[in-house]
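Only the coordinates and a few stated rules stand behind these numbers; no lab work does. All figures in this text were calculated on a predicted structure; none of them were measured in a lab. Because the Cβ atoms are built from the backbone with ideal geometry, glycine has one as well, and the counts that use them run over all protein chains shown.
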Amino acid sequence: MADDGSSTISAESSDSSQGELASPRVVKVAVIGTGLAGLASAYYLATASNSRVQYNVHLFDENSSIGFDSSSVTAMDGNGIERRIDVPMRSFAGGYYKRIISLYKSLGLQFHDAKFTYSFSEVEEDSGDARTYFLHGGRQGTFRQGGKPSRQGTLKWTSDFVAVIFWYLYFSLIAALSTPKGGVSFENAVSPQTAHKKRFGNDEAPKGYGTLDTDDESSVEDGSREIESLQEFARRWHIPAWFMDRFVVALFCAMSTCDARTIRNAPAADIIDYKRKTFGQPHYLLSGNSRSAVAALTAPLAKENIHLGVAVKAMLSEGTTWTIRTVAEDYHHFSHVILATAPSRVAELHRPLVPVFRDIKAKIVRVIVHTDDRVLNFLESDDIRDLNLLKTSIGTEATHVLFPGIYQTTSPTSLNGDCGEDYGGRIAKSKVISESVFERVVRTNGLVDAVTKMRRRQGQHNVWVAGSWMWDGLVLLEGCVASAEAVCDGIRRKCGDDPG
């Protein structure tokens, strides 16, 4: 049955003269999308309720399960042990993912240092064969799990190793000391106090002065600033193309699930900021997988307010409130709507934002969980590591050895030109546990401009946007939490419930 909206009426005492305390004002909020951005937005608002304002938060998702965990699967590994597998992999690095780490700690979630090891290989253009060119031990230690690839001669490996170490240290030094043209990310460009003084003429800056809830343009000029690409940055500092392509671009292609051209043309500030913050830091995984995060983030919400398998067809304005129209029924009297979904879906639901998102690009990413060990046949058995990267002319295939006999391959490629169902005999259909397809927003100058424009429109008509892409940084999970924090701070300020 449709929500009649009766709970949205502000309930204040009718007999305040008798000294009774007024009941909190109820603010009803719809969150469309249940990825991490939607879950974090709902959680932050639900737990912000106080004696003045009660936030009645509703979650909507067309899928039958919470989006953040909807593609994850359960499977038996080679030892007969049941395993829960996050799809895609949800790793997060210390230094860069400060908000996620803080959120997970506040939820009491346990996470551990993954201590990933890596193999780097590339497809040779002439022969089409794959060749392993580097092994990296990560936090295990270069020589414990790194060392010489099996098919590489000692002299060749020694000279390559020395060159890689030299350029790695040089790149790390440049990342630590230099600022790419176009500046650092918006949230770090000026202090909250400086930005607040420019806007309001005083030194007092509200706590949590956010990336999104601001119209200050001192650090980001809409379409007018020069944004240096990663490729231009490397040329300016004379970093050789072979090092950038084989290591920096290959790694960020795998991490961001983007093609090589996109990474080369990405704002250098994004890449350098990530490199600077994560240097020497561990990569973490949730010990209880994404299910534990979903349970903790949805705990403050009333079960009847979580609407799964409910496809939102439209948002209808009703004066000062919004109605969420679904296939089956209407949900009325929402004071605010948070769109925590893909840009294309945001524009579809709220047409005034179509011009803002016109230049945002997205690509389709395929992730396969399977048991076919042929996917790593290009590697000698001694060279197989936790994360095995295969660089192609287009991008990077990444195969994560999850558990004994279980693999997760992102952006699978063919080594013989056969891109049929089994990717040239590398992943048999009969050995596929799950195959998931995601829409991945690409970090381009068009996205930078769109985020700048959207920042000025946040909260207009009480419509807000959150997502991994809706911040000044790489399109990663940290953006989900950063945008959720900023949106919720903005809503609270609009409700006279200053988060400071």
Rounded to whole Å and sorted largest first, list the principal axis extents of the Cα atoms in the range 294-434. 66, 37, 24
Residue by residue through the range 51-57, the couplings from Karplus 6.51 cos²θ - 1.76 cosθ + 1.60 with θ = phi - 60°, in Hz, x for Gly and Pro, are 5, 9, 10, 10, 8, 9, 9
Quick shape check on the range 282-364: root eigenvalues a ≥ b ≥ c of the Cα gyration tensor, a/c under 1.5 is rounded, otherwise prolate if a/b tops b/c, else oblate, and it reads oblate
Take the residue pairs Lys98/Lys303; Lys28/Lys313; Lys98/Lys391; Lys363/Lys391; Lys181/Lys277 and return only those whose Cα atoms are more than 22 Å apart. Lys98/Lys303; Lys98/Lys391
Taking amide hydrogens as modeled 1.01 Å from N in the peptide plane, which residues meet the under 5 Å criterion relative to Val465, leaving out close sequence neighbours? Leu339, Gly459
Rounded to one decimal in nm, the spacing of the 7 Å Cα→Cβ label points at Asp373 and Thr74 is 2.7
Can you give me the C-alpha center-to-center distance between the range 378-404 and the range 25-96, rounded to a whole angstrom? 29
Mind listing the long-range amide H neighbours of Ala114? Cut-off is under 5 Å, sequence gap 5 or more, other chains count too, H placed in the peptide plane at 1.01 Å from N. His283, Tyr284, Leu285
Out of residues 5 or more away from Met76 or on other chains, whose amide H comes under 5 Å of its own, with H placed 1.01 Å from N in the peptide plane? Arg83
Net charge contributed by nearby residues that have their C-beta within less than 10 Å of Leu474 (K/R +1, D/E -1): -3
Backbone N under 19 Å from the Lys303 label point (7 Å along Cα→Cβ), restricted to the range 51-79: 57-61, 64-67
Using 7 Å Cα-to-Cβ label points, what is the Glu125/Arg261 separation (nm, one decimal)? 1.5
Net charge over other residues, Cβ less than 11 angstrom from the Cβ of Val401 (K, R count +1; D, E count -1): -2
Would you please give the FRET efficiency between Lys431 and Val327, computed as 1/(1 + (r/R0)^6) with r the Cβ-Cβ distance and R0 = 35 Å, to the nearest 0.05? 0.45
